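The values are calculated or read from the model by the stated rules, or taken from the named source; none is laboratory data. The structure displayed is predicted, hence computed values, not measured ones. As a convention, Cβ positions derive from the backbone with ideal geometry for all residues, glycine included, and neighbour counts pool all protein chains shown.
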There are 2 protein chains.
Amino acid sequence: MSEVAPFQRIAVIGLGVMGGSFARALTGTAAAPEVRGWSNDADECRAALYAGAVMAAPESLKEALRDADLVVLATPLQAACRLIPDIAEDPLRRDATIMDVSGLKTPVALVAAEAGVGSRFVGTHPMAGSEASGFAASRPDLFDGALVWIVAEPEAGAHTEKVEALWRSLGANPMRTSAAAHDRLMSLVSHLPQLTANSLAAALDNGGISPEHLGPGGRDMTRLAASNPEMWAGLLEGAHPDLVRALRTMAGNLQSMADNVEGGDVEAIVSLMEKTRIWRGA
Amino acid sequence: MSEVAPFQRIAVIGLGVMGGSFARALTGTAAAPEVRGWSNDADECRAALYAGAVMAAPESLKEALRDADLVVLATPLQAACRLIPDIAEDPLRRDATIMDVSGLKTPVALVAAEAGVGSRFVGTHPMAGSEASGFAASRPDLFDGALVWIVAEPEAGAHTEKVEALWRSLGANPMRTSAAAHDRLMSLVSHLPQLTANSLAAALDNGGISPEHLGPGGRDMTRLAASNPEMWAGLLEGAHPDLVRALRTMAGNLQSMADNVEGGDVEAIVSLMEKTRIWRGA
């Protein structure tokens with residue numbers, strides 16, 4: 001499958017687990033584009049250079065963006081929202097595609113529209129990541145086989161197709177959706193499990209339990225409790241109202257279970273377990 | 001390390017993921033003992049025989065137990081509690097060791113004492129298992145490196161040492177504790193994560209989400225939702241009061257998070273995330 005690479009010069013802004021993995025994956029493609037990296041963390045710049053993930057990691061953002069035909073914002077959501085208007089102004093080519101990888105698509109789409117770059121902005125969200133953070137946790141195969149949500153305005157059609165082609169070249173499966181549908185879905189499939197893991201970890205900590213007391217199930221159930229709070233702050237600020245509803249549903253489920261265990265009425269829990277077992281496809 | 005095998009003839013009662021894995025692990029040891037299996041599920045008996053996990057799988061429990069110097073109860077908790085008095089009576093040798101692998105140690109210890117076999121009963125609980133069930137999910141290396149809790153009366157000293165030696169020969173790490181301490185620990189490290197997974201799965205199902213919508217985090221967080229409800233029924237009936245408390249703590253955590261997200265007060269959640277991140281050792 002020899003195709004013309006959709007982009008020749010890519011600037012990856014943010015070199016943590018997402019940006020680092022993206023840069024490393026790009027470097028491994030057949031027609032590898034020129035990849036520049038930028039991070040406000042000098043250690044991550046050095047690590048990315050040393051690992052060969054980027055060909056240059058200039059100190060100035062402006063220099064990293066110069067002549068790029070794609071800029072990839074791989075920062076936490078709030079930083080991406082701050083960077084979009086800056087990038088829209090001066091340093092980037094007027095025809096360059098702007099893409100982000102953050103976990104909510106409504107806030108970035110709004111900022112892009114306000115900054116007048118909605119017609120060349122492509123929001124993406126790969127369903128891959130790690131509870132670990134930083135370039136050290138990046139992997140060239142992080143996106144291999146991953147579903148990648150694509151959210152863009154109809155006017156950004158040509159940019160969207162190139163971004164989809166790029167994700168496909170990294171082994172990922174792009175799928176289009178709307179910002180609203182995406183963010184509602186994430187409130188349930190991503191934000192709710194994350195906060196559940198934090199709640200569980202807090203309850204275990206509260207009960208005097210250390211992680212080394214856990215078996216494989218408990219370890220899996222608290223893995224996300226190690227996730228980067230800085231990244232989550234922005235996602236929670238922009239959260240969809242369904243997250244609030246789902247958190248209250250969960251809290252209600254757990255209160256009922258407490259009542260059932262206390263009252264010796266195990267049948268209600270067993271019947272819920274039968275349902276979730278079928279749901280999980282056992 | 002050539003040692004005399006602690007047992008020569010072992011009867012494994014219950015051939016699901018735990019009993020099946022135990023039988024398969026025994027068969028792989030250097031001085032493999034004679035292993036007989038028994039299950040009320042004829043398909044599992046056939047599967048265990050076919051896999052070479054057991055040398056015989058007689059239809060009658062009495063025949064399976066004949067001349068055994070160790071009987072391993074690898075059934076759900078309630079079945080183990082029913083079987084102990086039966087076994088104490090007739091068919092088993094008077095000097096045979098009785099061992100179980102169920103997830104709570106107080107109920108079996110009580111039944112063993114009442115049946116007059118407390119001095120040769122050794123409760124064990126390997127911190128290993130699978131959300132899948134049945135012999136098909138068994139693995140010879142399931143217990144490799146696993147912590148195994150050991151709960152026995154002081155009078156059962158010689159039996160306890162032999163059981164510990166047996167677990168060690170399977171690559172596991174036996175550790176002694178009391179029934180009360182074990183069950184309190186399990187309410188937090190095992191029962192709470194299990195019910196949390198079920199609650200989360202129910203909330204996702206409620207929100208119209210299918211498992212295929214989940215990313216790696218959400219999949220890990222709902223894996224246990226596929227666990228065997230029959231096995232859990234008994235564990236929940238015998239649950240430690242700390243489980244009720246922990247469920248209410250979790251429910252409270254999630255309600256507070258819902259309030260915080262709704263009120264735009266993300267700082268409180270971020271500060272909880274910082275704490276759980278340190279707890280998890282990130």
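Residues to consider are B:ALA203, B:ALA233; find the one that is touching a Pro at 6+ places or on another chain (Cβ under 8 Å), within 7 Å of chain A (Cβ to nearest Cβ) and aliphatic (A, V, I, L, M). Spell out how you get there, then give the answer.
Numbers: B:ALA203 fails: touching a Pro at 6+ places or on another chain (Cβ under 8 Å).
The match here is B:ALA233.
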Count of residues meeting criterion [over 16 Å from the mean Cα position of the chain (by Cα) and closer than 24 Å to B:LEU142 by Cβ] in the stretch B:72-83: 1
Elements of type helices (runs of 4 or more DSSP H) in the stretch B:23-118, at least 3 residues being touching a Pro at 6+ places or on another chain (Cβ under 8 Å) and more than 24 Å from B:LEU147 (Cα to Cα): B:61-65
Failed criterion for B:ASP183 (all others in (1) facing another protein chain (nearest Cβ under 7 Å); (2) among the charged types (D, E, K, R); (3) crowded, with 19+ Cβ neighbours inside 10 Å hold): (1)
In the stretch B:199-251, residue surrounded by the fewest Cβ atoms within 10 Å (Cβ to Cβ) [restricted to those that are closer than 15 Å to A:ILE278 by Cα and acidic (Asp, Glu)]: B:GLU212
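Quick grid of which residues meet (1) modelled with pLDDT of 95 or more; (2) within 14 Å of chain B (Cβ to nearest Cβ); (3) over 16 Å from A:ASP183 (Cβ atoms); (4) out of contact with any Asp or Glu (no Cβ under 9 Å at 6 or more places or on another chain):
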| position | (1), (2), (3), (4) |
| --- | --- |
| A:HIS125 | yes, yes, no, no |
| A:SER130 | no, yes, yes, yes |
| A:VAL148 | yes, yes, no, no |
| A:PRO154 | yes, no, yes, yes |
| A:THR160 | yes, no, yes, no |
Check on B:PRO193, free of Cβ contacts under 8 Å to residues at least 40 places away in the same chain and in contact with an Asp or Glu (Cβ under 6 Å, 6 or more places away or on another chain): no
Criterion violated by A:GLU262 - all others in (1) facing chain B (nearest Cβ under 7 Å); (2) buried (at least 18 other Cβ atoms within 10 Å of the Cβ); (3) farther than 30 Å from A:VAL108 by Cα satisfied: (2)
Filtered residue count, the stretch B:27-54, keeping only those that are surrounded by fewer than 24 Cβ atoms within 10 Å (Cβ to Cβ) and hydrophobic (A, V, I, L, M, F, W, C): 8
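What about A:LEU243, is it at the interface with chain B (Cβ under 8 Å from one of its Cβ atoms), over 25 Å from B:LEU236 (Cα atoms), touching a helix residue (DSSP H, G or I) at 6+ places or on another chain (Cβ under 8 Å) and not β-branched (Val, Ile, Thr)?
Working: at the interface with chain B (Cβ under 8 Å from one of its Cβ atoms): yes; over 25 Å from B:LEU236 (Cα atoms): yes; touching a helix residue (DSSP H, G or I) at 6+ places or on another chain (Cβ under 8 Å): yes; not β-branched (Val, Ile, Thr): yes.
In short, yes.
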Close pairs from the stretch B:160-178: first farther than 14 Å from B:ALA5 by Cα, partner aromatic (Phe, Trp, Tyr) and part of a helix (DSSP H, G or I), Cβ under 8 Å, at least 6 apart: B:ASN173/B:TRP167; B:PRO174/B:TRP167
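Name the residue, out of B:PRO154, B:PRO174, that is more than 18 Å from the chain's Cα centre (by Cα) and farther than 19 Å from B:ALA53 by Cα.
Only one candidate qualifies: B:PRO154.
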